[in-house]
Amino acid sequence: MKKIFCGALLAFCGVWSFGQDVSTSPFSSYGVGDLLFDNNIEQAGMGGISALSTNPYNSSANFSNPAANQALNITSFDFGINTRASQFKDATSTSKKSTTYISNISLAFPIGTKARAGFGFQPYSAIGYEVSTLTQNDQVTYQNSFKGDGGLNSVHVMGSYNITNEFSLGLRANYLFGDLERDQIISTQGLALVTDYNYKSKINGLQFTLGGYYSKRVGTNKRFDAGATYTLGSSLNAKITDMTTTYAVIDMSPGNIDTIQFKKVYGDLKLPQSVTVAAAFRKDLHWMIGAQLDWGDWAAYKMDEDDDSKIDTRFRASVGGYWIPDFNSYKSYFQRVVYRLGGFYEATPLQVGPEGIKKYGVTVGFGFPVGKDRDASMLNLAVELGQQGNTDAGILKENFANVKIGFTLNDIWFRKRVID
């Protein structure tokens, strides 16, 4: 029954989540929007460290670095939901927005003693904003309304192989698809004439990530781990529609619509290469502390020949770890809970203002054991508190809180029982 439940939930949620609203941030107006393809809930509770094996029981799948599934010896189904609440501030006003969406669905399993495989779904990026500004020129007041919607989704598969007991290699293939739409409407106060600039792109294509993982035992019960990934730059197919219309507002509805420009282009969306390196020191079934560096060449991003997006290199530093007081305690349930803590600093690729957009935050997480002791299934919770932007620099500031909740269900599949 658990197998049937996991399979049905995976299929249903994958179809349902394609249409979900994910972003509410004006910062998503640049490039492909807010980048979301990063980690699962347990990794989010540790500052976003994703290139390492972050489960103390090696019982959850890692799709960020497929090679980090070196010790996964049990079938793992992972499901997560994220609620993001944001407060936006500028020099004169404050507003609040929130959204809830499915952040991760995956299934992974061992194949024999050395190979691992899995597949899943996760939002890759999201656009979602609605902003209005008023400008005055020669005693005429213009209202500019900016609106964006859409994003990219990822359906992905991964595989890994243990070259030795200490070293493994992995590969992940993402099929990215989705619609990116941006709209600018210019109206003049006192006049009924409106100009509408609409830009929509339909995207699909493949992206590949290579991973490596090294785990070396130190003494009797400690380990040094190191992981790295390289995501190849890729060109996705882009079907672009660029249309400019004017119309008169009659009884609150558009009328006398006139198409000024209509252009349909088949081109490429160029996604950049990126590199991640991480290292950790841990004591088996007790604690871990690690750090990670991420770099992405987003200056190479381009949608079409007219694209003038203000995007540059992305850099992120993360630290985090976990602690289990006593994994084998029978007296106290909370002695067996996994406690997670972390923090991060990111120089985002958005070049807005004199110094660009910087993001930083702290994270806390918990892994509550559920089900049978032998399968290490968990209910996971992570909270991320952070900030990006700075009103002192004359740009928008966002204070945000991400609350992530989900579960990891584990069981033995594809293995013949010796004794029934």
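The values are calculated or read from the model by the stated rules, or taken from the named source; none is laboratory data. Quick caveat: nothing in here was measured; it's all calculated off a predicted structure. Ideal geometry is used to build each Cβ from the backbone, glycine not excepted, and the neighbour counts take in all protein chains shown.
Would you confirm whether any residue within region 264-283 is surrounded by fewer than 17 Cβ atoms within 10 Å (Cβ to Cβ), part of a loop (DSSP other than H, G, I, E, B) and out of contact with any Ser or Thr (no Cβ under 8 Å at 6 or more places or on another chain)? Taking every residue of region 264-283 in turn, none turns out to be surrounded by fewer than 17 Cβ atoms within 10 Å (Cβ to Cβ), part of a loop (DSSP other than H, G, I, E, B) and out of contact with any Ser or Thr (no Cβ under 8 Å at 6 or more places or on another chain).
If you check TRP298 against the conditions, is it among the aromatic types (Phe, Trp, Tyr) and out of contact with any Asp or Glu (no Cβ under 8 Å at 6 or more places or on another chain)? Show your work before the answer.
On the way: among the aromatic types (Phe, Trp, Tyr): yes; out of contact with any Asp or Glu (no Cβ under 8 Å at 6 or more places or on another chain): no.
Here the answer is no, as TRP298 does not meet what is asked.
Does at least one position in region 119-126 carry a residue that is outside any strand (DSSP E or B) and under 30 Å from SER187 (Cβ atoms)? No - not one qualifying residue is present in region 119-126. The set of residues in region 285-324 being at pLDDT below 90 and among the hydroxyl-bearing types (Ser, Thr, Tyr) consists of TYR301, SER309.
Give the residues of region 60-79 that are of a type in the set (Gly, Ala, Ser) and out of contact with any Leu (no Cβ under 7 Å at 6 or more places or on another chain), sorted by residue number.
Kept after step one, since they are of a type in the set (Gly, Ala, Ser), are these residues of region 60-79: 60-61, 64, 67-68, 71, 76.
Result: SER60, SER64, ALA71, SER76.
Within the bounds of region 169-179, is there any residue that is part of a strand (DSSP E or B), free of Cβ contacts under 8 Å to residues at least 60 places away in the same chain and of a type in the set (Asp, Glu)? So far as region 169-179 goes, yes, one or more of its residues are part of a strand (DSSP E or B), free of Cβ contacts under 8 Å to residues at least 60 places away in the same chain and of a type in the set (Asp, Glu).
Screening region 202-225 for residues that are touching a residue at least 60 places away in the same chain (Cβ under 8 Å) and of a type in the set (Gly, Ala, Ser) and picking the one that is farthest from ALA173 (Cα to Cα) gives SER215. Looking only at region 194-201, decide whether some residue is small (Gly, Ala, Ser), touching a residue at least 60 places away in the same chain (Cβ under 8 Å) and in contact with a Phe, Trp or Tyr (Cβ under 8 Å, 6 or more places away or on another chain). No; the residues of region 194-201 include none that is small (Gly, Ala, Ser), touching a residue at least 60 places away in the same chain (Cβ under 8 Å) and in contact with a Phe, Trp or Tyr (Cβ under 8 Å, 6 or more places away or on another chain).
Residues in region 166-194 that are more than 31 Å from the chain's Cα centre (by Cα) and surrounded by fewer than 17 Cβ atoms within 10 Å (Cβ to Cβ): ILE186, THR188, GLN189, GLY190, LEU191, ALA192, LEU193.
Assessment of region 398-412 against the conditions (surrounded by 15 or more Cβ atoms within 10 Å (Cβ to Cβ), at pLDDT below 85 and part of a loop (DSSP other than H, G, I, E, B)) yields no matching residue. Criterion applied to GLY367, GLY394 was being of a type in the set (Gly, Ala, Ser) and modelled with pLDDT of 90 or more, and the one residue passing it is GLY367. Only a single item in (1) of a type in the set (Phe, Trp, Tyr); (2) modelled with pLDDT of 90 or more; (3) more than 30 Å from PRO56 (Cβ to Cβ) is not met by TYR266, and it is number (2).
Scanning region 219-236 for residues that are at pLDDT 95 or above and either acidic (Asp, Glu) or assigned to a strand (DSSP E or B) (or both) yields a count of 10.
Being under 18 Å from TYR247 (Cβ atoms) and either modelled with pLDDT under 85 or touching a strand residue (DSSP E or B) at 6+ places or on another chain (Cβ under 7 Å) (or both), is that true of even one residue in region 167-184? Spell out how you get there, then give the answer.
So the first thing to find is which residues in region 167-184 are under 18 Å from TYR247 (Cβ atoms), and the list is 183-184.
Imposing the further condition that a residue be either modelled with pLDDT under 85 or touching a strand residue (DSSP E or B) at 6+ places or on another chain (Cβ under 7 Å) (or both) reduces the set to 183-184.
Yes: one or more hits.
Condition first: out of contact with any Ser or Thr (no Cβ under 6 Å at 6 or more places or on another chain), free of Cβ contacts under 8 Å to residues at least 60 places away in the same chain and not charged (D, E, K, R). Now tell me which residues in region 141-168 satisfy that. Scanning region 141-168 gives THR141, VAL157, TYR161, ILE163, THR164, ASN165, PHE167.
Checking the condition more than 17 Å from the chain's Cα centre (by Cα), surrounded by fewer than 22 Cβ atoms within 10 Å (Cβ to Cβ) and at pLDDT below 90, which residue from SER29, SER95 passes? None of the other options fit; the residue is SER95. Can you name every residue in region 324-366 that is of a type in the set (A, V, I, L, M, F, W, C) and buried (at least 16 other Cβ atoms within 10 Å of the Cβ)? ILE324, PHE327, VAL337, VAL338, LEU341, PHE344, ALA347, LEU350, VAL352, ILE357, VAL364, PHE366 - these are the residues of region 324-366 that are of a type in the set (A, V, I, L, M, F, W, C) and buried (at least 16 other Cβ atoms within 10 Å of the Cβ). For the subset of region 155-187 comprising residues that are out of contact with any Phe, Trp or Tyr (no Cβ under 6 Å at 6 or more places or on another chain) and hydroxyl-bearing (Ser, Thr, Tyr), which member is nearest to PRO66 (Cα to Cα)? Ranking the candidates gives SER160 first.
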